[in-house]
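Input: a single structure, listed below in structure tokens.
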Amino acid sequence: MDMHTVVVGTSGTTAEDVVAVARHGARVELSSTAVDALAASRLIVDALAAKPEPVYGVSTGFGALASRHISTELRAQLQRNIVRSHAAGMGPHVEREVVRALMFLRLKTVASGHTGVRPEVAQTMADVLNAGITPVVHEYGSLGCSGDLAPLSHCALTLMGEGDAEGPDGTVRPAGELLAAHGIAPVELREKEGLALLNGTDGMLGMLVMALADLRNLYTSADITAALSLEALLGTDKVLAPELHAIRPHPGQGVSADNMLRVLAGSGLTGHHQDDAPRVQDAYSVRCAPQVNGAGRDTLDYAAVVAGRELASSVDNPVVLPDGRVESNGNFHGAPVAYVLDFLAIVAADLGSICERRTDRLLDKNRSHGLPPFLAHDAGVDSGLMIAQYTQAALVSEMKRLAVPASADSIPSSAMQEDHVSMGWSAARKLRTAVDNLARIVAVELYAATRAVEIRAAEGLTPAPASQAAVAALRAAGAGGPGPDRFLAPDLAAADTFVREGRLVAAVEPVTGPLA
């Protein structure tokens, strides 16, 4: 585990801290300011709990049952019951990093001092994260309104010492046993605390933050593979000139064009349009790569703005305000996050599509400008990368299905009290699959493009220094180059890991300088 420590205060958190806790096991500490804010807001809740007037979430039922006033002696049971009853997820277990992000982001909101949760409950949340205990959360159960209720409930159940959780060694055991093994006492929930632990957009937000981190790497990787494909197809780099992109000043477009231009610097393969097979212009998938990649980059930037706002938010219902009021609100609605999750699935699908089109062009002897059919060693005896493109096409087809927005749907719940929901959790879950697929799609283009560049080099043309660095690093990673047919799946898997881990970007940057 990384021993980096993330300090949680009252003003939200950063995307970098989410990734550090979720993926790298960073420790979590509460700031003294957060502890003071927790204590102050709890005093307000305790005062309201002592009054005869009903206050939602403090002395009433929940959702469609909010009209019932709950007597003092039943309130602890009420808080336990909401957690138990809402922990109703089904399906496969959600990934460890998602659950850790979910827990950390809920702690972030609790620490804001707007939820009325006691400091000791927040400390237990931090202790569970630091112990490497991961509640079992299921794939299905959230509508993304009133927050990610079922997933958060499974996390709260662990705090109570109930249900199942995964230990640091990956073994699933009863949560009570795991807490005891790490010296953590289960929490006894009091007024409002059960509700406060459940009512947020934390699951969908955590998945958005991690998807953004992954997509940043994949977009830079796709700029590199597009440049390699352009080079292998003997295309022109004149379309990447800064003055052309300055007259259509979408920021991402200029960034992608600059990345490609730097990868192609010093290439002896570009600019052969008027050689043996003259052409006036390259195909759209080659010539318009900066426009497509750049539009996706701009969408990432917008999604990051939304994520930043949500990371600075305190999402709960009701909330404790600084003037002492406890007010109901609709801030738990996941629409802002759900929309950008869907936007990202759309641009990821389109990026995958243009990558596949370039791969297909590299393999087609009628459009590849002199490359062998399917980049095969002895076409006919060898099939080359024919079926690698099939695999890539299958992934692209699934990406298109995943691009259908979840946030356009709504299914009423809670006896029509919650009559419009965001489906943000569903948008996040399908985006995770889309990001996984995109890494594979980019990897196939990389594998094809590097093989094609090597074939050109064998014919006496000199690839760009950055291209040579990419080829050498990929081969060192276990993805072989041209030659007779062999078992291809291990090579593609090696290329996938190479792209996914950011090693393609790392391989070329010593030559190009830092790429955006």
Quiz item: Which of the aspartates and glutamates could a cross-linker span from Lys192 if the Cα-Cα distance has to be under 16 Å and same-chain partners fewer than 8 positions apart are dropped?
Solution: Asp46, Glu53, Glu73, Glu120, Asp316, Glu327
Quiz prompt | Average Cα contact separation per residue, segment 338-465, under 8 Å, 6 or more apart, as relative contact order % | solution = 35 percent
Quiz prompt | Solvent-accessible heavy-atom area per residue, rounded to whole Å², over segment 400-516 at 1.4 Å | solution = 40 Å²
Self-check item: Added length on full extension, which subtracts the Cα-Cα distance from 0.36 nm per residue, Cys288 to Gln77
Solution: 69.8 nm
Self-check item: Convex hull volume of the chain per residue (C-alpha atoms, cubic angstrom)
Solution: 152 Å³
Quiz item: Calculated from DSSP H runs of 4 or more alone, at -39500 (n - 2.57) each and per residue, what is the 222 nm mean residue ellipticity of the chain, nearest 500?
Solution: -18000 deg cm²/dmol
Self-check item: In sequence order, calculated HN-Hα J values of segment 174-188 (Karplus, 6.51, -1.76, 1.60; Hz; x Gly/Pro)
Solution: x, 4, x, 5, 5, 4, 4, 5, 10, x, 9, 7, x, 7, 9
Self-check item: Point-to-point label distance, Glu139-Lys365, nm (Cα→Cβ direction, 7 Å offset)
Solution: 4.4 nm
Exercise. Could you calculate the contour length gain from Gln281 to Glu398, that is, 0.36 nm times the residue separation minus the distance between their Cα atoms, to one decimal place in nm?
Key: 39.0 nm
Exercise. State, as an integer percentage, the relative contact order of segment 433-516 based on alpha-carbon contacts under 8 Å between residues 6 or more apart.
Key: 37 percent
Practice problem: Pop out the carbon and sulfur fraction of the accessible area of segment 1-113 as a percent, whole number, probe 1.4 Å. | Solution: 58 percent
Quiz item: For Thr462 and Arg309 in one chain, what is 0.36 nm times their gap in residues minus the Cα-Cα distance, to one decimal in nm?
Solution: 50.3 nm
Practice problem: Work out Dmax and Rg for segment 129-190 from the C-alpha atoms and quote the Rg first, both in angstrom. | Solution: 11.9, 35
Quiz item: For the chain, with the dipole built from +1 on Lys and Arg beta-carbon atoms and -1 on Asp and Glu ones, taken about the Cα centre, which of Thr201, Ala50, Ala489 lies farthest toward the positive end?
Solution: Thr201
Quiz item: Using only the Cα atoms of segment 444-487, what do you get for the radius of gyration and for Dmax, in Å?
Solution: 10.1, 29
Self-check item: Estimated inter-spin distance, Thr33 and Val172, nm [label 7 Å along Cα→Cβ]
Solution: 4.1 nm
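The values are calculated or read from the model by the stated rules, or taken from the named source; none is laboratory data. Bear in mind the structure is a predicted one, so any value in this text is a computation, not a measurement. All Cβ positions, even for glycine, are placed from backbone atoms using ideal geometry, and neighbour counts span all protein chains on display. Just the protein is used for accessible areas: all its heavy atoms, side chains included, with ligands, DNA and RNA removed. Shrake-Rupley method; radii C 1.70, N 1.55, O 1.52, S 1.80 Å.
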